[in-house]
Number of protein chains: 2
Amino acid sequence: MRLSRYFLPVMKESPADAQIVSHKLMLRAGLIRQTAAGIYAWLPLGHRVLRKIEQIVREEQDRAGAVELLMPTLQSADLWRQSGRYDAYGPEMLRIKDRHEREMLFGPTNEEMITALFRDGARSYRDLPRTLYHIQWKFRDEVRPRFGVMRGREFLMKDAYSFDLDEAGARHSYNRMFVAYLRTYARLGLRAIPMQADTGPIGGDLSHEFIVLAPTGESEVFYHSNWEQDRALEVDADDAAALQSFVSSLTADYAATDEKRDEAREVVAGDALKQSRGIEVGHIFYFGTKYSAAMGLKVQGPDGAEVTPQMGSYGIGVSRLMGAIIEASHDDRGIIWPEAVAPYKVGLINMRVDDAACTAACDELYMKLTTAGVETLYDDRDERGGAKFATMDLVGLPWQIVIGPKGLANGVIELKNRATGEKTEIGADEALARMRA
Amino acid sequence: MRLSRYFLPVMKESPADAQIVSHKLMLRAGLIRQTAAGIYAWLPLGHRVLRKIEQIVREEQDRAGAVELLMPTLQSADLWRQSGRYDAYGPEMLRIKDRHEREMLFGPTNEEMITALFRDGARSYRDLPRTLYHIQWKFRDEVRPRFGVMRGREFLMKDAYSFDLDEAGARHSYNRMFVAYLRTYARLGLRAIPMQADTGPIGGDLSHEFIVLAPTGESEVFYHSNWEQDRALEVDADDAAALQSFVSSLTADYAATDEKRDEAREVVAGDALKQSRGIEVGHIFYFGTKYSAAMGLKVQGPDGAEVTPQMGSYGIGVSRLMGAIIEASHDDRGIIWPEAVAPYKVGLINMRVDDAACTAACDELYMKLTTAGVETLYDDRDERGGAKFATMDLVGLPWQIVIGPKGLANGVIELKNRATGEKTEIGADEALARMRA
């Protein structure tokens, strides 16, 4: 993409109302703009990152055998009355009346709707087990939205729902998602620690939050230092016993949020006990028949008798993850995107737009990079070099290629690694080859 | 995808409340379910088609040089007060109050928000021309939602907005979109006719609707029979004069909706004048400075003087297109998907799940097809052959491969073309080769 034809309104100064670094950088780097309290527009660069995060989340859901569909944003109040949650849910639920005065709401989550859809479509034990998911905008009317997309009101969430014939099956589905979540975070360049959690308004018996450590996090968390190491996530998820034993081996290392601390286990951890703040980036629940029973979901079991399926739900805040990634990966010059979610892999800087040879060399390399499928943001604007460097560092693409008349005279261009700052002078063909790799 | 692990609740009978064929077939084939009046959940198969349509729309927008971003669904009433439309817009606007009693709305369109974002981010003539677009859920509170996704309340729309320095530039941007729309419909297997249209609540001077002919359409339309032929859409869209002349040559053939009939031109058309009903699948507008002036969007012109940009907006109903495609492509057994938007390219039917050799042959071909990247829906369920045939015809994948013990004994399987009904007996490897092509 040529910057001369793009829309990337970067800001030199940190906006006064942004308190945490990810919020500041998302505004400064032209990723988002607030359009109302806690509601954001995703500018072109931010939109690209959002789609990449979403795609990684999707691929790991698919890999776990979950099936994608898409439920609408607005729901009828009557649906929520079937579970009893319409009145129980607090003021975070945005209640709406349509032109016929029918009561509706902007979905904060979808347990009721998916249960109704599955009740309509599933008949027998052969329709189970199933895990269904969607990636859709949700709304929670936070009393005090803050920290940008980390605690916004309209946010993109992946929510999955599992249906099983019995508790053992439900626990297997839960464990599948447990591992799928860890895989997802690892691909996003994040180390997330699963912690036993309260079930809150979702309800249920078993629940884990996934927490990324960050000094700006909202939760106080306590964990065994083993969690600071990378974990191998190879396990046969179709083998229920092997999967359970794998999950148990992980959770054998202590980790808990403030509300769920266990003094006895902390004593055992001893010096290995660590304390930090953390950002919640996922939450999974097993809640048995809470919704299926309330809403009359039944299927015919193998023996002909009716069975009320066991359910769980599994949420990842897709838009919030962008903030968490930036909290975990930035320096004082800007964002440092992990390659998997970078909006473009490489930023190409033309140092002298008014120099015909320099522009020809840039145009040629840009053409070759894009033809080779290397996502490239090409700064072809008539601006000072210093401003271009600052912009590229701010938006944080993994690689920068700088082409100027002096280097060209010597047959070289500069390749810079954004994370390490390392610069190499190489030929254009060599740069192309490295970027393709 | 194995049907034994999928969620495809097909219906044998036509639902009583569905009046038009696309609505009936979308319900019967398990593409959608209504969750509230005029609001639909997209079940897994329907969701796949929606994403394919969306991707074709996106690719043609990108090809036209438009830049994608994403605006939120909820907007503040104050934003709409800046243009004066908050009070002017009728009861189709869903008005909402949040927990702090702030007035908001579920966006039916985004002229105000994009103008505000561009005002915030654009400084000079060098930031123009730009066309920005997003693909996002909209809400219009229809008094009587009907025809399924054709006139729903929550719907997916691609809306683009152009910003130009002068009227000539704006007309060029308009013409670019004009051609991008025709390309989009052609790729979707639809022939859409552009017709001069009223501008309605968007306002402005110039407007075209794109109409697909269908007996169930809501509009009465009149057109020259030349529109029944395919048009070559090759033109250099960067050449403003060539593009204008191309668009003029197209619109030289008469086409008008009921409200915009031109008796003189109809007389000229003579016997070539045709009458039909049609479905609106797109609407484009040039409205000059209506929003930019009202909302104070100005940029510095090349001579230093301030310029108020000229704007246009361009909408395609992405979810509605699915209904239009089905209206145009079905028979009495079900949907016939054009390959470009088919949820899967091929349906693989195992005639005898209880026959080990038959199942082994099916499993092997399924593995080879998916490894080769051929999107395959594999009916591996323990059902009668007749039910499987009916389901495959109903869901309308372009190709069916039927594997049964009798054919296997002779070394052949059956390949069926859904559109023509033509059946061929060939070897499994030959079928694989044809599907890969």
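The values are calculated or read from the model by the stated rules, or taken from the named source; none is laboratory data. Values in this document were obtained by computation on a predicted structure and should not be read as measured data. Using ideal geometry, Cβ is built from the backbone for each residue, glycine included, and neighbour counts are taken over all protein chains shown.
Some observations on this one:
- When every residue of segment A:309-323 is checked against the conditions, at least one turns out to be assigned to a loop (DSSP other than H, G, I, E, B), more than 30 Å from A:Asn226 (Cβ to Cβ) and in contact with a helix residue (DSSP H, G or I) (Cβ under 7 Å, 6 or more places away or on another chain).
Results for (1) at pLDDT below 95; (2) among the aliphatic types (A, V, I, L, M); (3) in contact with a His (Cβ under 8 Å, 6 or more places away or on another chain); (4) within 30 Å of B:Gly121 (Cβ to Cβ), shown as yes or no for each residue.
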position: A:Tyr40; (1), (2), (3), (4): no, no, no, yes
position: A:Glu54; (1), (2), (3), (4): no, no, no, yes
position: A:Glu60; (1), (2), (3), (4): no, no, no, no
position: A:Ala66; (1), (2), (3), (4): no, yes, no, no
position: A:Met71; (1), (2), (3), (4): no, yes, yes, no
position: A:Tyr89; (1), (2), (3), (4): yes, no, no, no
position: A:Gly107; (1), (2), (3), (4): no, no, no, no
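- Qualifying residue in segment B:123-140 (condition: surrounded by 23 or more Cβ atoms within 10 Å (Cβ to Cβ), farther than 20 Å from B:Ala64 by Cα and in contact with a strand residue (DSSP E or B) (Cβ under 8 Å, 6 or more places away or on another chain)): yes
- Number of residues in segment B:249-266 that are within 25 Å of the chain's Cα centre (by Cα) and free of Cβ contacts under 8 Å to residues at least 40 places away in the same chain equals 3.
- Just one of the listed residues (B:Asp141, B:Asp62) is out of contact with any Cys (no Cβ under 8 Å at 6 or more places or on another chain), acidic (Asp, Glu) and over 21 Å from A:Trp42 (Cβ atoms), and it is B:Asp141.
- When restricted to residues that are assigned to a helix (DSSP H, G or I) and small (Gly, Ala, Ser), segment A:278-292 contains 1.
- Restricting segment A:34-48 to residues that are closer than 30 Å to A:Val179 by Cβ and crowded, with 23+ Cβ neighbours inside 10 Å, the residue that is nearest to the other protein chains (Cβ to nearest Cβ): A:Trp42
- Identity of the residue in segment A:49-95, under 30 Å from B:Leu117 (Cα atoms), of a type in the set (S, T, N, Q) and in contact with a strand residue (DSSP E or B) (Cβ under 9 Å, 6 or more places away or on another chain), that ends up surrounded by the fewest Cβ atoms within 10 Å (Cβ to Cβ): A:Thr73
- Restricting segment B:57-90 to residues that are of a type in the set (Gly, Ala, Ser) and more than 24 Å from the chain's Cα centre (by Cα), the residue that is farthest from the other protein chains (Cβ to nearest Cβ): B:Gly84
- Condition met for A:Arg119 (assigned to a helix (DSSP H, G or I), in contact with a Leu (Cβ under 6 Å, 6 or more places away or on another chain) and either more than 13 Å from every other protein chain (Cβ to nearest Cβ) or without any contact (Cβ under 8 Å) to a residue 40 or more places away in the chain (or both)): no
- One residue stands out among those in segment A:366-396 that are assigned to a loop (DSSP other than H, G, I, E, B) and over 27 Å from the mean Cα position of the chain (by Cα): the one that is farthest from A:Ser22 (Cα to Cα), which is A:Ala372.
- Picking from residues in segment B:143-156 that are more than 9 Å from chain A (Cβ to nearest Cβ) and among the basic types (Lys, Arg), the one that is farthest from B:Leu94 (Cα to Cα) is B:Arg146.
- Residues that are facing chain A (nearest Cβ under 7 Å) and either part of a loop (DSSP other than H, G, I, E, B) or within 15 Å of the chain's Cα centre (by Cα) (or both) within segment B:130-142 comprise B:Trp137, B:Asp141, listed in sequence order.
- Summed over segment A:209-229, the residues that are part of a helix (DSSP H, G or I) and buried (at least 20 other Cβ atoms within 10 Å of the Cβ) give a count of 1.
- The residues of segment B:411-426 that are free of Cβ contacts under 8 Å to residues at least 12 places away in the same chain and part of a loop (DSSP other than H, G, I, E, B), listed by number, are B:Thr420, B:Gly421, B:Glu422.
- Taken over segment A:257-308, the criterion of being farther than 29 Å from A:Asn226 by Cα and among the hydroxyl-bearing types (Ser, Thr, Tyr) is satisfied by A:Thr289, A:Tyr291, A:Ser292, A:Thr308.
- None of B:Gln19, B:Gln34 is under 15 Å from A:Pro72 (Cβ atoms) and not aromatic (Phe, Trp, Tyr) except B:Gln34.
- One residue from B:Glu54, B:Glu103, B:Glu111 being farther than 25 Å from B:Thr131 by Cα and more than 7 Å from chain A (Cβ to nearest Cβ): B:Glu103
- Every residue from segment A:234-277 that is in a loop (DSSP other than H, G, I, E, B), surrounded by 14 or more Cβ atoms within 10 Å (Cβ to Cβ) and among the aliphatic types (A, V, I, L, M): A:Val235, A:Ala237
- The single condition among (1) farther than 27 Å from A:Thr131 by Cα; (2) in contact (Cβ under 8 Å) with a residue 60 or more places away in the chain; (3) touching a helix residue (DSSP H, G or I) at 6+ places or on another chain (Cβ under 6 Å); (4) not polar (S, T, N, Q) that A:Val281 does not meet is (1).
- Residue in segment B:369-383 that is in contact with an Asp or Glu (Cβ under 6 Å, 6 or more places away or on another chain), polar (S, T, N, Q) and surrounded by 14 or more Cβ atoms within 10 Å (Cβ to Cβ) present: no
- Within segment A:13-33, considering residues that are free of Cβ contacts under 8 Å to residues at least 60 places away in the same chain and under 25 Å from B:Arg126 (Cα atoms), the one farthest from the other protein chains (Cβ to nearest Cβ): A:Ser14
- Selection over segment A:20-37 of residues that are in contact with a strand residue (DSSP E or B) (Cβ under 7 Å, 6 or more places away or on another chain) and of a type outside the set (A, V, I, L, M, F, W, C) gives a count of 3.
- Of all residues in segment B:198-225, those that are within 12 Å of B:Glu280 (Cβ to Cβ) and modelled with pLDDT of 85 or more have Cβ atoms under 8 Å from Cβ atoms of residues that are among the acidic types (Asp, Glu) and part of a loop (DSSP other than H, G, I, E, B), 6 or more apart or on another chain, in B:Ser207/B:Asp198.
- Lone qualifier among B:Leu243, B:Leu233, B:Leu250 - being under 23 Å from B:Ala168 (Cβ atoms) and in contact with a strand residue (DSSP E or B) (Cβ under 9 Å, 6 or more places away or on another chain): B:Leu250
- Qualifying residue in segment B:5-18 (condition: crowded, with 19+ Cβ neighbours inside 10 Å and not in a loop (DSSP other than H, G, I, E, B)): no
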